[in-house]
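Right, one structure below, let's go through it.
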Amino acid sequence: MTPTAAVYVDVGSPFAYLAAERVDEVFAGAEIDWRPVSLGALFKLTGRSSWALGDPERRRTGMAEVERRAALRGLPPLRWPDPWPGNYLMAMRAATHADRLGRGRDFLVQALRDAFQQGRDLSLSTHVLESAEQIGLDAAEVERACADPDVKHALRERTDAAHELGVFGVPTVAVDGELFWGDDRLEDAAALLRAMPKP
């Protein structure tokens, strides 16, 4: 089997946005498995919470760091959704549906750009459907899929599997059972992937 990097993503995470903008370059030529998971559900499973909630200073510092990294990498200035963070369950169900169609990466990248370049609140269904339409998916079909018990179960199952693997936040990259958490760990994950024996 060809060595694969699994990238766990939730569209509510600005660090996932930073990672998504670099994955193709850092892992050039490698097989990437984009895996949408519910960060909110991971927080419940692990008893954790977002750094953006609670302590105002921690939130301010975290947002400033995201903006610093985006500028350093030549990305557009951050436009933060208002409010942020929100409830991204529908967005992640839409991502799960897109993944089933082989368009998971396209939807995740588009939605993250819509959130953190355009400032769109992806807790609103209209914005989720607009992101889907921008990659050529049918909005009505996506809306139906988000209410489909099979899609809901698939997202829950993917999230539970990530938790069992040890994933507790996003972005996380898994290579050969080793986890790399954070957009600043992409190079480490890619190095391990390149060092693995090829079939």
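The values are calculated or read from the model by the stated rules, or taken from the named source; none is laboratory data. All of these numbers come straight from a predicted model, not from anything done at the bench. Neighbour counts are summed over all protein chains in view; Cβ atoms, including those assigned to glycine, are modelled from backbone coordinates with ideal geometry.
Evaluating VAL170 against the criteria (1) crowded, with 20+ Cβ neighbours inside 10 Å; (2) out of contact with any Ser or Thr (no Cβ under 7 Å at 6 or more places or on another chain); (3) not basic (Lys, Arg) leaves one unmet condition, (2).
The set of residues from the range 130-154 being surrounded by fewer than 13 Cβ atoms within 10 Å (Cβ to Cβ) and among the hydrophobic types (A, V, I, L, M, F, W, C) comprises ALA140, ALA147. Might you let me know whether the range 44-67 holds any residue that is part of a loop (DSSP other than H, G, I, E, B), over 18 Å from ALA162 (Cα atoms) and among the small types (Gly, Ala, Ser)? For the range 44-67, residues part of a loop (DSSP other than H, G, I, E, B), over 18 Å from ALA162 (Cα atoms) and among the small types (Gly, Ala, Ser): present.
Only a single criterion out of (1) farther than 20 Å from ALA161 by Cα; (2) of a type in the set (Ser, Thr, Tyr); (3) surrounded by fewer than 16 Cβ atoms within 10 Å (Cβ to Cβ) is not satisfied by TYR17, namely (3). Evaluating PRO81 against the criteria (1) in a loop (DSSP other than H, G, I, E, B); (2) within 20 Å of ALA41 (Cα to Cα) leaves one unmet condition, (2).
On the basis of being assigned to a helix (DSSP H, G or I), surrounded by fewer than 16 Cβ atoms within 10 Å (Cβ to Cβ) and not acidic (Asp, Glu), does ALA70 make the cut?
no
You will find that of ASP114, ASP121, the residue that is over 22 Å from VAL7 (Cβ atoms) and under 17 Å from the mean Cα position of the chain (by Cα) is ASP121 and no other. No other residue among TRP84, TRP34 is more than 12 Å from the chain's Cα centre (by Cα) and aromatic (Phe, Trp, Tyr) apart from TRP84. Kindly check whether there is at least one residue in the range 152-168 that is in a helix (DSSP H, G or I), more than 20 Å from THR4 (Cα to Cα) and of a type in the set (Val, Ile, Thr). Checking the range 152-168: not a single residue is in a helix (DSSP H, G or I), more than 20 Å from THR4 (Cα to Cα) and of a type in the set (Val, Ile, Thr). Of everything listed in (1) outside any loop (DSSP other than H, G, I, E, B); (2) touching a Leu at 6+ places or on another chain (Cβ under 9 Å), the single unmet condition for ARG144 is (2).
Could you figure out which of (1) among the small types (Gly, Ala, Ser); (2) within 27 Å of GLU187 (Cα to Cα); (3) out of contact with any strand residue (DSSP E or B) (no Cβ under 9 Å at 6 or more places or on another chain) isn't true of ALA20? With respect to (1) among the small types (Gly, Ala, Ser); (2) within 27 Å of GLU187 (Cα to Cα); (3) out of contact with any strand residue (DSSP E or B) (no Cβ under 9 Å at 6 or more places or on another chain), ALA20 is out only on (3). Might you check whether a residue that is touching a residue at least 40 places away in the same chain (Cβ under 8 Å) and either exposed (fewer than 13 other Cβ atoms within 10 Å of the Cβ) or part of a helix (DSSP H, G or I) (or both) occurs anywhere in the range 118-129? No, that holds for no residue. Report every pair of residues separated by at least 6 positions or lying on different chains whose Cβ atoms are under 8 Å apart, first residue within the range 98-114 and modelled with pLDDT of 95 or more, second in a helix (DSSP H, G or I) and among the polar types (S, T, N, Q). Filtered contacts from the range 98-114: GLY104/THR96; PHE107/SER131; GLN110/SER131; GLN110/GLN134; ALA111/SER131; ASP114/SER131; ASP114/GLN134.
Return the residue satisfying two criteria in turn: it lies in the range 81-116 and is touching a Pro at 6+ places or on another chain (Cβ under 8 Å) and farther than 13 Å from VAL128 by Cα, and of such residues it is surrounded by the fewest Cβ atoms within 10 Å (Cβ to Cβ). Across the range 81-116, the extreme among qualifying residues is GLY104.
Among the residues making up the range 93-131, a single one is under 16 Å from PHE15 (Cβ atoms) and in contact with a strand residue (DSSP E or B) (Cβ under 7 Å, 6 or more places away or on another chain): LEU108.
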